[in-house]
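Here the structure is laid out as structure tokens; the discussion comes afterwards.
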Amino acid sequence: MEDKKMTGYPSIDKPWLKYYTREQIEKPHPVPMTVYEYLLECTREHQAKNAIRFEGQHITYGKMLFRIERTADALVSAGIGENDVVVCYLPACPHEVYLFYACSKIGACVNFIKPMTSNEKICKILDGVDAPILFTCEMKRSDREYIQNHSCIKKVVNISDGEDDEWEYFWKVADRKAYLTSKDSAEAFFFAQTGGSTGKSKTVMVSNQALNNQVHEYVTTPLDFVAGDTWLRLWPIFSVSAAGGSFHMPLCTGMEMIIVRDLTKVSFDQILLKERPNHIAVVPSLMEDLMNSEAIKEADLSFVKMIGWGGAKLTGAFEEMLRAFLVSHKMGNCLYGGYGMTENTAGVAMRVNPETAVPGSVGIPQVKTVVGIFEREGIRELGYHEAGEVCVLSQNFMVGYYGDTKKSEELFRQHEDGSLWLHTGDLGYMDENGLLYMIDFKALERAVAYD
């Protein structure tokens, strides 16, 4: 970018743009479409390539799309229509993929529930969104009966390797063809429950378009996300960050997504050595386990191109130890991460190259995102190195909190120039290079963490 006179205000100067090329800056967001349509558009040339690796299976993009369409037919045949909320209580598995995109195709909404949620909480979620159908995996019959007897749910489909499997029958009885929805892609599609640690848990509604925009933000960076790479996914997609960054993005990029069903049954070091992924999304505790692994001690891990961390803040001392470990195992400077919140469809800022991977910083704003630091109780912008509330201007805002318009409106504030900003509640500051530093995370208390 050309040099320009600095005003001293981050949201006006946008100093972070120097890390992006002109082509990246000017590249527009995807045109309005569903996540299903975006997947089709992005993967036309990848039909014969592997899309999913799961427990010895290699599922091509062509086969994956066939199963998505068959699932859409089955949903329509089961009476699921536009704006119905399909709830899934599943481990990480290919069925998540089929249901996610099938719901998008027919205009339904989808809500994935966090693992280890109690039956009582599942019933609350089902009743809260008035869900007509629930998909489970290997759930005991007694638990399914409890949920059916204590919630509004009309149908439970259990996915199992045993005699309780209902998925094949769900497919088999499909007698209607699912057609592409005419629903506006800016309407609600993906539902996610917040942690509720600062009060009552809320259900965030995110649109198809916001998820597509986030994929655009992730791939329009110096990070090397290319077709044919492999992406390791260790968790179910109960959060917006997992759905966008570790699920929709790898598939739309033409990568092969390696899905690990149960991280408690196999250690992270074994997974890494067996699967040899190019890209990994982790929490810091997993990297700590890796550094203490005897199996990894002499291993060459140069196949890893990127490690993205989230769910917890890295301390400076831990990050320095981790960087030394990465270099000693031939991974170089591949440690990236960032900052985001569910209400902005996850991503806000990222470390996108070695220059922006500065210890203590969460990186720079995404290419189409503007970040400003404002007074806590006002709308006056602060300058560089001045601590205040981190506020966000983007095209990735949530649709709102389900059933709570008032709370939704409280999160956004119109500034003097007429623009609508998301006030995160987080405290931070920015330096002259556009690097964002977080001091206190209030927004993270609203998000669902990988715990």
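Read-outs throughout are calculated quantities, based only on the coordinates presented, and are distinct from any laboratory measurement. Quick caveat: nothing in here was measured; it's all calculated off a predicted structure. Ideal geometry is used to build each Cβ from the backbone, glycine not excepted, and the neighbour counts take in all protein chains shown.
For segment 203-256, restrict the atom set to alpha-carbon positions and state the Rg and Dmax in Å.
Looking at segment 203-256, its Cα Rg and Dmax stand at 11.2, 35 Å.
Which whole-number value in Å³ per residue fits the convex hull of the alpha carbons of the chain?
143 Å³
Going through segment 267-313, which trypsin sites (Lys or Arg not before Pro) have at most 12 other Cβ atoms within 10 Å and a DSSP loop state?
Lys297
Given the rule -39500 (n - 2.57) for each run of at least 4 DSSP H residues, summed and divided by the residues of the chain, what is its mean residue ellipticity at 222 nm, to the nearest 500 deg cm²/dmol?
Helix contribution divided over all residues of the chain: -8000 deg cm²/dmol.
Quick one: angle between helix 119-129 and the longest Cα principal axis of the chain, in degrees between 0 and 90, rounded to 10, please.
The two axes meet at around 80 degrees.
Using a simple charge model, +1 on the beta-carbon of Lys and Arg, -1 on the beta-carbon of Asp and Glu, nothing else, what dipole does the chain show about its Cα centre, in debye to the nearest 20?
580 debye
Give the residue from Ser142, Met116, Val129 lying farthest towards the positive end of the charge dipole for segment 116-164; charges sit on Cβ (+1 for Lys and Arg, -1 for Asp and Glu) and the dipole is referred to the Cα centre.
Val129
Given the options Leu301, Val358, Val327, identify the residue whose Cα lies farthest towards the positive end of the charge dipole of segment 299-451 (+1 on Cβ of Lys, Arg; -1 on Cβ of Asp, Glu).
Leu301
For segment 175-316, would you read off the P(r) tail past 27 Å as a percentage of all alpha carbon pairs?
Counting pairs separated by more than 27 Å, the tail of P(r) holds 32 percent.
Can you pull out the GluC sites (Glu not before Pro) in segment 23-121 whose DSSP state is coil and whose Cβ has at most 15 other Cβ atoms within 10 Å?
Within segment 23-121, the qualifying GluC sites (Glu not before Pro) (loop, at most 15 other Cβ atoms within 10 Å) are Glu55, Glu82.
Which cysteines does the chain leave without a neighbouring Cys Cβ under 4.7 Å?
Cys88, Cys93, Cys103, Cys109, Cys123, Cys137, Cys152, Cys334, Cys391 - these cysteines have no disulfide-compatible partner (Cβ-Cβ under 4.7 Å) in the chain.
Can you compute the equivalent ellipsoid semi-axes for segment 1-151, i.e. the square root of 5 times each eigenvalue of the Cα gyration tensor, sorted largest first and rounded to whole Å?
For segment 1-151, the semi-axes come out at 39, 23, 16 Å.
With both partners inside the chain, how many of the DSSP beta bridges are antiparallel, as a percent to the nearest 5? Can you show the working numbers first?
On the way: 34 of 64 bridges.
For the chain, the DSSP antiparallel bridge percentage is about 55.
How big is the charge dipole of segment 33-183 about its Cα centre, in debye rounded to the nearest 20, if each Lys and Arg gets +1 on its Cβ and each Asp and Glu gets -1 on its Cβ?
280 debye
Once the convex hull of the C-alpha atoms of segment 308-382 is built, how many Å³ does it hold per residue, rounded to a whole number? Numbers along the way, then the final one.
On the way: hull volume 8.9 nm³, N = 75.
It is 119 Å³ per residue.
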